[in-house]
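What follows is calculated from the coordinates using simple rules that are stated; it is not laboratory data. Owing to the predicted nature of the structure, the values given are computational and were not obtained by experimental measurement. Cβ atoms come from the backbone with ideal geometry, glycine included; neighbour counts cover every protein chain shown.
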Amino acid sequence: MNRKERFARVIERFQQHMPVAETELLYRTPYELLVAVILSAQCTDKRVNMITPALLHRFPTVSDMAGSTPQEVYEYIKSCSYPNNKSKHLVGMARTLLNEFGGIVPSGIEDLMRLPGVGRKTANVIAAVVFNQPALAVDTHVFRVSARLGLTRNARTPLASERQLVQYIPEKLIPIAHHWLILHGRYVCTSRRPKCHLCHLADICPYPDKKIRT
Ligand code: SF4
């Protein structure tokens, strides 16, 4: 099977087995998703979803967050990983949004990456989820699953992985492909002990250590 065929078969399986795939972060507005994605670095979505209701109740708008201090924000996010850095990022992000973008979350990757706490991965998530753009955020799950499935080859960095993936995935499917790979990595193709016996891709997966029995 060549790479084009491999992508086609993997995509077909996901469309069949996971027709709906969305972020597990809870949000109502682009600003709320931005806050949640910044908090989600090195932290589980479950934990972030426990933190954001009180945080966003206290800071419901970009202006509210911009007018606060990292010390105040820290109190609401201290159960998250890296709360010191993230509280600075959240306030900095809101101030930059207000001062440079009129308080509106921008849609461009370059603009998004000008916001404190927003790297390429976060920018891609916002661009894909909020603006339905063909941007593919490569986190640890996407990176691992893509390599095991043979979708990426010798990709040493998330950016190298992203470049290979977007080359073969049809543009309109890129936003959902991000969620397919994340959810598959989170629940089935886990880092240690992947659940290959439950995997709908087992027959076409070339991963040498796959275990088809429990
Ligand atoms: S067969 Fe195993 S290694 Fe391959 S994608 Fe499925 S869970 Fe991952």
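Rounded to the nearest 0.05, what FRET efficiency is calculated for residue 81 and residue 28 with R0 set to 30 Å and r the Cβ-Cβ distance?
0.80
How large is the Rg to Rh ratio of the chain when both quantities use alpha carbon positions and Rh follows Kirkwood?
Rounded to two decimals, Rg/Rh equals 1.01.
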Among rounded, prolate and oblate, which fits region 21-144 when a ≥ b ≥ c are the square roots of the eigenvalues of its C-alpha gyration tensor, a/c under 1.5 means rounded, and a/b larger than b/c means prolate?
oblate
Within the under-9-Å Cβ sphere about residue 168, not counting residue 168, Lys/Arg +1 and Asp/Glu -1 give a net charge of +3
Net charge near residue 15: determine it from the other residues with C-beta under 13 Å of the C-beta of residue 15, scoring Lys and Arg +1 and Asp and Glu -1.
+2
Which residue fluctuates the most in the chain, going by a Gaussian network model with Cα springs under 10 Å, if the choices are 162, 22, 12?
12
Under the Karplus curve 6.51 cos²θ - 1.76 cosθ + 1.60, θ = phi - 60°, whole-Hz ³J(HN,Hα) for region 194-204, x wherever Gly or Pro sits
x, 8, 4, 5, 9, 8, 6, 10, 4, 6, 10
Between residue 198 and residue 64, the two model label points (7 Å from Cα along the beta-carbon direction) sit apart by a distance in nm of 3.8
Nitroxide proxy distance, nm - points 7 Å out along Cα→Cβ at residue 4 and residue 107
3.1
Where nothing but the Cβ of Lys and Arg (+1) and of Asp and Glu (-1) is charged, how large is the charge dipole of the chain around its Cα centre, in debye to the nearest 20?
1080
Listed residues 156, 192, 58, most fluctuating in the chain (Gaussian network, C-alpha, under 10 Å):
192
How much net charge surrounds residue 157 when only the other residues with a Cβ under 13 Å from the Cβ of residue 157 are counted, with Lys and Arg +1 and Asp and Glu -1?
+2
Output for region 5-97: chymotrypsin sites (Phe, Trp or Tyr not before Pro) sitting in coil per DSSP, at most 10 other Cβ within 10 Å, listed by number, reads none
By how many nm would the segment from residue 140 to residue 187 lengthen if fully extended, with 0.36 nm per residue of separation less the alpha-carbon distance?
15.6 nm
Between their Cα atoms, which of 172/211; 46/86; 121/210; 4/211; 46/172 are more than 22 Å away from each other?
172/211; 121/210; 4/211; 46/172
Between the residues 106, 117, 79, the Cα farthest towards the positive end of the dipole of region 69-117, that dipole coming from +1 and -1 charges on the beta-carbon of Lys, Arg, Asp and Glu, is from 79
Contact order normalised by residue count of the chain, Cα under 8 Å, 6+ apart, percent:
18
Region 160-212 - convex hull of alpha carbons, volume per residue in Å³
100
